[in-house]
1. With θ set to phi - 60° and the Karplus curve 6.51 cos²θ - 1.76 cosθ + 1.60, what are the ³J(HN,Hα) couplings of the range 213-230 in order, to the nearest whole Hz, using x for Gly and Pro?
2. Would you mind checking the tilt of helix 67-100 against the longest principal axis of the Cα atoms of the chain, expressed as 0 to 90 degrees and rounded to 10?
3. Pairs of alpha-carbon atoms within less than 8 angstrom and 6+ residues apart define the contacts here; what relative contact order does the chain have, in percent?
4. Using the Cβ atoms and a cut-off under 11 Å, what net charge is assigned to the surroundings of residue 103, where Lys and Arg are +1 and Asp and Glu are -1?
5. Among 319-329, 232-242, 301-311, what's the highest-first ranking by average C-beta atoms within 10 angstrom per residue?
6. What's the magnitude of the charge dipole for the range 68-150 around its Cα centre, counting Lys and Arg as +1 and Asp and Glu as -1 at the beta-carbon? Answer in Debye, nearest 20.
7. For the chain, build the charge dipole from Cβ charges (+1 Lys, Arg; -1 Asp, Glu) around the Cα centre, then report which of 306, 113, 14 sits farthest towards its positive end.
8. Taking amide H positions as placed in the peptide plane 1.01 Å from N, state which residues far from residue 347 in sequence (5 or more) or on other chains have amide H under 5 Å from it.
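Derivation of every value follows stated rules applied to the coordinates shown; laboratory data play no part. The structure displayed is predicted, hence computed values, not measured ones. Cβ placement follows ideal geometry from the backbone for every residue including glycine, while neighbour counts extend to all protein chains displayed.
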Amino acid sequence: MIDLRFLRENPEAVRASQRTRGEDPALVDALLEADAARRAAVATADNLRAEHKAMGKVIGKASKEERPALLAAATDMSAKVKEAELAQHAADADLDAAQRAISNIVQEGAPAGGEDDYVVLETVGTPPVFDFEPKDHLELGEALHLIDMERGAKVSGSRFYFMTGYGALLQLGLLQLAAQKAVANGFTMMIPPVLVRPEIMAGTGFLGQHSAEVYHLEEDDLYLVGTSEVPLAGYHSDEILDLSEGPKRYAGWSSCFRREAGSYGKDTRGIIRVHQFDKVEMFVYTTPDQAEAEHQRLLAWEREMLAAIEVPYRVIDVAGGDLGSSAARKFDCEAWVPTQQTYRELTSTSNCTTFQARRLSVRYRDENGKAQVAATLNGTLATTRWIVAILENHQQADGSVRVPAALVPFVGTDVLTP
């Protein structure tokens, strides 16, 4: 949730953020009205409670003759207090709903617009030029017995798959390399639960715009996570952290589940857009003043991993309308996919400022010992999708695929052959 104090002092900045996202700026006025109504309801209830308490003291000192009338008035006042408290509870609920309706405030400098309005910040490496007709990742994966989509569909339905043989080793190697790099950079490795409670899923912002993407187990009222960002964000919910020695950094290794609602006919071939995949995700708790610098560090660690798999990529500054509700700024790294002649997302890192922590009540103590809302950030360090870029960029004329040197120790061979 956004900071109400900031909203009251800078309403036009929040309206501008809404416009950058392509969302309704009128929601700002609705929130201001709900905030004013709630404060008025609290004041009314407080005043009536004070009057009721004062009446109790008067009754205690009243004469026998005065008491009946005073008791009747106190009874009437008690009913008014209860009515005011109900009104306050309703105002609290209205304020919470209005506050949750507004996405995080977009960081200054982020481009406006939608999915296609990103800004390319840097391009790294040169797309390969083949002297043969390149195969796509699925054709390579099937020929090399790395990916089995047919049996995945037989067992689980469309967009499920088996990673087999060296394909499984390649995925495990990617994730293990990511884990090693994370630990070397001060992250604590975590294998989190992949089912979470509604309040945790809602706290991270995934039950708003992204609710159609989430698998829900109705009988248990639990949600399958689409990223370990979710359980890691909930890990310190309702806690006060010690950030005096710097950020708390976690790296979550988990399977992830996404319904991919509304994407039928788009990227359905192979393992680009699937219902289940594995990922190592970085997640950080820090102080708000350090969040922007930490965001750059996360991006740098992602770039180190991309360099390790030796693929050409570009870094983009994601436009406001494509940020998702929680992020104030997002940078994606997109790898070149030869058969598509375009770049496709492999990593994403988001600065969520205090938006998630405010919802999940994650705080820290400042230098004066006062509790303040923490900031959270996240970033991809490796996923199953990376195999697409590895196979296509490192394929050779004979149908084999060269394994990047950093992955050879995990895979056990330097060339995958038919």
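1. Along the range 213-230, the couplings run 8, 9, 7, 10, 9, 4, 4, 9, 6, 10, 10, 7, 7, x, 6, 6, 3, 5 Hz.
2. 20 degrees
3. That works out to 20 percent.
4. Neighbourhood net charge equals 0.
5. Listed from highest to lowest mean packing, they are 319-329, 301-311, 232-242.
6. In total the dipole reaches around 880 debye.
7. The one lying farthest along the dipole's positive direction is 14.
8. 333
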